[in-house]
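Notes follow once the structure below has been shown.
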Amino acid sequence: MKTYERKHAGEMAITVIMLVLGILFVMPILLLTMNSFKPYGDMIKNLVALPVNFTLENYTTAIRRMDFYRVFLNSALVTGGTVFLGVMISFFAAYGISHIESKDGKYWYLLFTLGQIVPFHTIMIAFQVMNTKFHMNNKLSVLVCL
């Protein structure tokens, strides 16, 4: 019976420690969210108090300053274009490699597989140098095709 009580006490201690750590990790997110609804002056006065003067002005200011709608549209275009292009290329390549009979089929498969093994970080600087040399910086189409 004593081993069960020790095991139970150990599990309770672990649970309490995890609960405290969980609260510590969630606290900055909670404070950030809470303070986003306060005017700047109230936030400076008391960082941990609940909002007294509830406002959405911080959100409208942030949306205006960062040109949120343009940034969101750019992200949606790059994501959508990349997914569409990636699916189409992968589909046609997989079909060609698996269904077209040729003596080079296994080499094409090996080439595509090796292309997935090379991490992007190893060729990232070369891509940036090439983009700068050919004046392709700051173009959404380059992001989609890259």
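Does region 104-117 contain at least one residue that is touching a helix residue (DSSP H, G or I) at 6+ places or on another chain (Cβ under 7 Å), open to solvent by 90 Å² or more (accessible area, probe 1.4 Å), in contact (Cβ under 8 Å) with a residue 40 or more places away in the chain and part of a helix (DSSP H, G or I)? Among the residues of region 104-117, not one is touching a helix residue (DSSP H, G or I) at 6+ places or on another chain (Cβ under 7 Å), open to solvent by 90 Å² or more (accessible area, probe 1.4 Å), in contact (Cβ under 8 Å) with a residue 40 or more places away in the chain and part of a helix (DSSP H, G or I), which makes the answer no. Residues of region 97-137 being of a type in the set (S, T, N, Q), at pLDDT 85 or above and closer than 20 Å to THR82 by Cα, which ones? Within region 97-137, GLN128, ASN131, ASN137 meet the criteria. Just need a number here: residues in region 76-98 that are small (Gly, Ala, Ser) and in contact (Cβ under 8 Å) with a residue 24 or more places away in the chain. Residues flagged as small (Gly, Ala, Ser) and in contact (Cβ under 8 Å) with a residue 24 or more places away in the chain within region 76-98 amount to 1. Taking the residues in region 78-103 that are of a type in the set (Gly, Ala, Ser) and loosely packed, with under 11 Cβ neighbours inside 10 Å as candidates, determine which candidate is nearest to SER141 (Cα to Cα). Checking each candidate, the answer is SER98.
The values are calculated or read from the model by the stated rules, or taken from the named source; none is laboratory data. None of the values given here were measured: they were computed from a predicted structure. Here the Cβ is made from the backbone with ideal geometry for all residues, glycine too, and neighbour counts use every protein chain on show. Ligands, DNA and RNA are stripped out before the accessible areas are found, and what is left, the full protein with its side chains, is counted by its heavy atoms. Shrake-Rupley method; radii C 1.70, N 1.55, O 1.52, S 1.80 Å.
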